[in-house]
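**Q** Below: one structure in structure tokens.
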Amino acid sequence: MKKTMLFFTALLFSLNANAASLNLAGDSSNTGTVGFGSGDVVTAGWNSTSSGASVSDSFTISSDTATTATLSLTFNPLSPNSSVSIFDGTSNIGLDIFKIGSLGLLEYTWVLEAATEYVLNIFISNAAAGSNYDLRLATGISEVPVPAALWLFAPALMGLLTLRRKTKLATA
């Protein structure tokens, strides 16, 4: 039993779950600003100060490893002349913004390739005073990585097997 526990302990320290690191950089001419520029979640946003404002923001997205990423954008309120696109170096992908009441919502998931720069373009024309957008980009890492789940499950399973064995010995 001690050898088994030592083996599992050694295995625990030998496995490592690495999350992909995203990088988000805003263009120098952006009106929007980057909140968190690196990590597994990156953010940016913009707030209008006057009515009739136009926004043409461009953000560069990259990752150190291949991973899935989910882009979430919220526009409050949504201007009728708003558009969002992603350029992957070869093609430009136009994304659909869904209107719910006065809000505009966009959620898009795609696979980021390692060492590839993606350009996210956000265009808003004739925005209302006080309008804004919030951008959030997160990697597709699960909440409980497999190695951590294994270490939570393995001792419980071993405990149940030990209880079963003790019960069989007691009845015999």
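Read-outs throughout are calculated quantities, based only on the coordinates presented, and are distinct from any laboratory measurement. Note that this is a predicted model, so its numbers are computed, not measured. Quick reminder, even Gly has a Cβ in these numbers, built from the backbone with ideal geometry, and neighbours come from all protein chains shown.
**Q** Within 10 Å of each candidate Cβ there may be at most 16 other Cβ atoms; applying that plus a DSSP loop requirement, which GluC sites (Glu not before Pro) in segment 93-128 survive?
**A** Those that pass, being in a loop and sparsely packed, are 113, 117.
**Q** Show me, for segment 91-105, the HN-Hα J-couplings you get by feeding each phi into the Karplus relation (A = 6.51, B = -1.76, C = 1.60, θ = phi - 60°), rounded to Hz, glycine and proline as x.
**A** Once rounded to whole Hz, the list reads 9, 9, 9, x, 9, 8, 9, 8, 9, 10, x, 9, 7, x, 10.
**Q** Between residue 156 and residue 72, what length in nm is gained on full extension when 0.36 nm per residue of separation is reduced by their alpha carbon distance?
**A** 26.5 nm
**Q** Moving on to the next point. Which residues' amide hydrogens lie under 5 Å from the amide hydrogen of residue 103, considering only partners 5 or more residues apart or on another chain, with H built in the peptide plane?
**A** Amide H to amide H, under 5 Å and 5 or more residues apart or across chains, residue 103 pairs with 78.
**Q** When the dipole is taken about the Cα centre of segment 22-139, and only Lys, Arg (+1) and Asp, Glu (-1) are charged at their Cβ, what size is it in debye, to the nearest 20?
**A** Value, rounded to 20: 380 debye.
**Q** Would you mind checking which residues have amide H under 5 Å from residue 20's amide H? H placed 1.01 Å from N; only 5 or more apart, or other chain.
**A** For residue 20, no residues qualify.
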